[in-house]
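Report on one structure; see the data block that follows.
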Amino acid sequence: MTVFLLLAGCSRTNQEKRPASTIVPIAPAAQDQGGNSESRTPYYIGLIEEYKTLLAEDPGNLASNIALANAYFDSGQWREAIMYYERALQIDPRNPDIRTDMATSYRNLGMTGAALDQYRKALEYDPGHQNARYNIGVIYAHDRHDYAAAIHIWEDLLRIAPHHPRAEAIRINIEMFKKLSGKGGK
């Protein structure tokens, strides 16, 4: 039996937004081992070069660091994204959106411990940060197969945000994971 989980992109800190969600089967996290992501998203090459030029002139520019990190993120270049999210956090260390995006980059590299650390740090700065909460649940469900923890996280998220954009998918997954873990539905 194939189990499906609604996975989402993390929050975005610039004006460009990716589609809010993608349905993927529960399997190991997508990993970029230095493959050619340019063939998937060729327009990111120009954006990356433009942001690098801006940062060469002003390395402390928060918006440019975030934009470059996001361009790397969206093109699947996770390590590079992390590097520029870290630079952005040196400028704005309490920004939960940057931490959440960086955490998702770590997760996409299979580094779920580092991802959880960053999601939790985002929640320290913004306890109501919905994307950090959602993605913690994704790690517990998808990567660690700890369905009870995922259920707990997502039920808490739905208490905070009952009309969350992914609320219906979250509810479906909660019921499915309850059945898988032998707890049955409500």
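The values are calculated or read from the model by the stated rules, or taken from the named source; none is laboratory data. Here the structure is a predicted model, which means the values were calculated and not measured. No Cβ is skipped: glycine too gets one built from the backbone with ideal geometry, and neighbour counts run over all protein chains shown.
Some observations on this one:
- Inter-residue pairs, beta-carbon under 8 Å, first closer than 15 Å to LEU109 by Cβ and in the stretch 64-92, second basic (Lys, Arg) and in a helix (DSSP H, G or I), 6+ apart: ALA69/ARG87; TYR85/ARG99
- In a residue-by-residue description of the stretch 118-141, the property of being of a type in the set (Asp, Glu), modelled with pLDDT of 95 or more and part of a loop (DSSP other than H, G, I, E, B) applies to at least one position.
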